[in-house]
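Taken together, the values in this text are just the output of simple stated rules run on the coordinates, not laboratory data. Because the structure is a prediction, the values reported are computed rather than measured. Using ideal geometry, Cβ is built from the backbone for each residue, glycine included, and neighbour counts are taken over all protein chains shown.
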Amino acid sequence: MQSIHMRLLGALTAIMLISGGTAVQADDTAEAEVVCDVKKGERVFRKCMTCHVLEPGKKKTGPSLWGIFGRVSGTEEGFNYSKAMKEAEITWTEETISAYIENPRKYIPRNKMAFPGVRKEQERVDLMCFLKENTMDPDAPAPDGDGADDAPAEG
Ligand code: HEC
């Protein structure tokens, strides 16, 4: 009796290992994909619209978000920032903007953006996609380009 049980167990383990291997592969593929939805991001952005515009050089209660990616915090010309925002000297990227809007008061203590935060990660991911599509000139060279061949190739 003992030995039959052992053999059965052995066979079961082998089957589990085979199917386990397949499952791991499937998970890897799923994890590599970053899914974001610009349309949903636009809806999240409504929370920001009371205070921010996307047009360059225009301000409301908050500074324009045009060109926000790559900008250093507190440097938009003509906007009266808090001391905290200017002294933070954070370069705005997907990661830093997301961390800031998750909990503005915690990320930059004493900054004056009166906004409670977007706590849902997926909403922030969608919002970043929307901002990327709407705060920079699609024809502009990449910010880290050398600018050597900015002129159009043909005229
Ligand atoms: C109630 C008004 C208000 C709302 C709503 C608001 N903001 Fe702000 N935001 C501000 C103000 C004011 C500042 C400047 C803060 C300071 O100087 O301390 C600011 C600053 C910022 C900055 C830094 C800008 C820079 O030039 O350094 C970013 C990025 C930003 N907000 C993004 C957002 C996003 C994204 C949302 C929506 C999820 C949002 N804000 C919602 C008022 C607001």
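Sub-8 Å Cβ pairs linking a first residue in the stretch 66-90 that is under 15 Å from Tyr107 (Cα atoms) to a second residue that is among the aliphatic types (A, V, I, L, M) and part of a helix (DSSP H, G or I), at least 6 apart or interchain, are Ser73/Met85; Ser73/Ala88; Gly74/Met85; Gly74/Ala88, ordered by first then second residue. Only one of the numbered conditions (1) within 10 Å of the ligand (Cβ to nearest atom); (2) under 18 Å from the mean Cα position of the chain (by Cα); (3) surrounded by fewer than 16 Cβ atoms within 10 Å (Cβ to Cβ) is violated by Gly70, and that is (1). The set of residues in the stretch 118-138 that are in a loop (DSSP other than H, G, I, E, B) and in contact with a Lys or Arg (Cβ under 8 Å, 6 or more places away or on another chain) contains only Val118.
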